[in-house]
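To start, the structure under review is shown below, and the notes come after it.
Just so it is clear, none of the values below were taken in a lab; they were calculated from the coordinates. Remember, predicted model here, so these are calculated numbers, not experimental data. Reconstructed Cβ throughout: ideal geometry from the backbone, glycine too, with neighbour counts over all protein chains shown.
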């Protein structure tokens with residue numbers, strides 16, 4: 001069996017675009033040329049990789065298996081290129097990060113701004129993803145590293161803890177719950193909630209908790225970001241659950257109160273996840289260290 005890296009990269013482009021035309025465009029090929037190469041590739045493998053449909057293409061089971069291997073191979077090729085780039089081991093390359101809502105909105109912007117300083121050859125792709133998608137992306141090679149929180153029970157990943165993520169109840173000043181120092185999550189569900197958007201990891205996590213106790217989350221409004229959530233809470237629209245670091249910051253400028261949660265799951269460990277730290281390019285290793293250093297320096301304990 002013989003195939004070249006161009007075949008693998010084209011296959012990945014088509015799979016990610018769910019379209020032969022879209023994949024061809026990304027590979028800078030005509031659709032006809034891409035179709036010919038894919039058919040030849042399928043012939044060499046002896047397996048059909050895509051179901052052709054009127055709306056595009058869909059991976060076959062064989063195609064899904066190949067995508068995992070193809071991403072791993074191409075990611076490793078990119079690592080080699082990065083390590084031998086003209087800028088040196090840690091000054092150039094491309095790093096893709098899948099992270100949860102808290103990481104994307106709260107601390108990764110500061111970490112990345114500092115990390116990218118003086119690295120003109122470095123590019124970053126930071127994407128907000130749900131927890132399971134973060135794990136799957138790192139395992140499948142779709143992302144170089146993930147940033148998440150909570151109890152990580154999944155094989156095939158190296159987990160590098162770096163701080164604690166505490167969830168707290170945020171209420172407007174004068175609210176009934178504000179008289180409490182600590183409260184059970186279930187006792188907050190009698191009040192309307194200000195929640196984050198559907199794609200946020202925090203909202204999905206809270207929905208899982210209410211499902212576990214046989215309740216529903218009484219969402220009154222959903223917003224994008226912790227600051228808009230705190231503004232809605234301040235205005236009396238509802239209560240919300242946020243990372244303590246965010247709540248403390250916005251409490252300085254908004255009329256909101258913080259109540260601790262007594263539930264064990266409210267304290268979650270934040271961690272970077274990678275497939276294998278030793279196999280990462282120097283640039284990605286440097287970024288992982290930058291995340292750890294940032295939190296040690298500023299004593300982030302949220």
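Some values worked out for this structure:
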quantity	calculated
Gyration tensor over alpha-carbon atoms, the range 166-266, equivalent ellipsoid semi-axes in Å	18, 15, 12
Relative exposure of 205, 191, judged by other C-beta atoms within 10 Å (fewest first)	191, 205
Crossing angle, helix 282-298 versus the chain [Cα axis fit, 0-90 degrees, rounded to tens]	10 degrees
Sequence of 255, 119 once ranked by neighbouring C-beta atoms within 10 Å, starting from the fewest	255, 119
Nearest-ten-degree value, helix 131-140 long axis tilted from longest Cα axis of the chain	20 degrees
Ranked 294, 193, 224, criterion: other C-beta atoms within 10 Å, fewest first	224, 294, 193
0 to 90° range, to nearest 10: angle between helix 61-83 axis and the chain longest Cα axis	90 degrees
Whole-Å distance, taken between Cα centres, linking the range 160-197 and the range 11-46	49 Å
Gaussian network model of the chain, Cα within-10 Å springs - most flexible of 275, 136, 249	249
4 °C / 1.567 mPa s Stokes-Einstein diffusion coefficient of the chain, Kirkwood radius on C-alpha pairs, µm²/s	60 µm²/s
Considering only the chain, percent of DSSP beta bridges that pair antiparallel, nearest 5	60 percent
